[in-house]
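Novice: Handing you this structure, nothing more for now.
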Amino acid sequence: MEHKMKLSVTLVTGRTIEQGVGKEHGKNSEDYMEDVAVCYLDPEDLKQLKIKQDTNVQVSTPYGSIVVRALKSRRGPHRRVVFMPYGPWANAIADSETDSVGMPSFKGVPAEIEPASDKAIMNLKQLLEKQFGKETDADL
């Protein structure tokens, strides 16, 4: 069995232009998924994980685990800091606790990332069914 490299990282999420544009196509669109079901890694972290851009990776936090596409960060250097755009894929691994402020913490979340080329990225319908345990409306 192949041993996969895991990297301990800090997860930061936020808004992106691409996320906003993809949302205009509809949250159930392929465009939205392409823009949001991703994470950005420092080029050195990609090398350490022995993967190339566009490889699927699994991002795991104490709150969940999700498969997304790894992209080379356009900013940096920021070794061991992974950025994900706001959206259902980032929400799946964020702490739902709001500490009475009404907004979960999307910054500074401890996480692990590992190559997952053998795993598929769930589309929005699959993700919501997994998160909520029931079928959802396909026309989100």
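The values are calculated or read from the model by the stated rules, or taken from the named source; none is laboratory data. Since the structure is predicted, the reported quantities are computational estimates derived from the model, not experimental observations. Cβ: placed from backbone, ideal geometry, glycine included. Neighbour counts: every protein chain shown.
Novice: Quick one: what pairs do we get from region 31-53, first residue at positive phi, second in a loop (DSSP other than H, G, I, E, B), C-beta under 8 Å, 6+ apart or different chains?
Specialist: Between residues of region 31-53 that are at positive phi and residues that are in a loop (DSSP other than H, G, I, E, B), the close pairs are 50/5.
Per-residue answers, yes or no, for (1) surrounded by 15 or more Cβ atoms within 10 Å (Cβ to Cβ); (2) small (Gly, Ala, Ser); (3) at pLDDT below 95:
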| residue | (1), (2), (3) |
| --- | --- |
| 50 | no, no, no |
| 54 | no, no, no |
| 60 | yes, yes, no |
| 67 | yes, no, no |
| 91 | yes, no, yes |
| 95 | no, no, yes |
| 103 | no, no, yes |
| 108 | no, yes, yes |
| 118 | no, no, no |
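Novice: Give the residues of region 1-34 that are hydrophobic (A, V, I, L, M, F, W, C) and either within 14 Å of the chain's Cα centre (by Cα) or modelled with pLDDT under 85 (or both), sorted by residue number.
Specialist: First, pick out the residues of region 1-34 that are hydrophobic (A, V, I, L, M, F, W, C): 1, 5, 7, 9, 11-12, 17, 21, 33.
The answer is 1, 9, 11, 12, 17, 21, 33.
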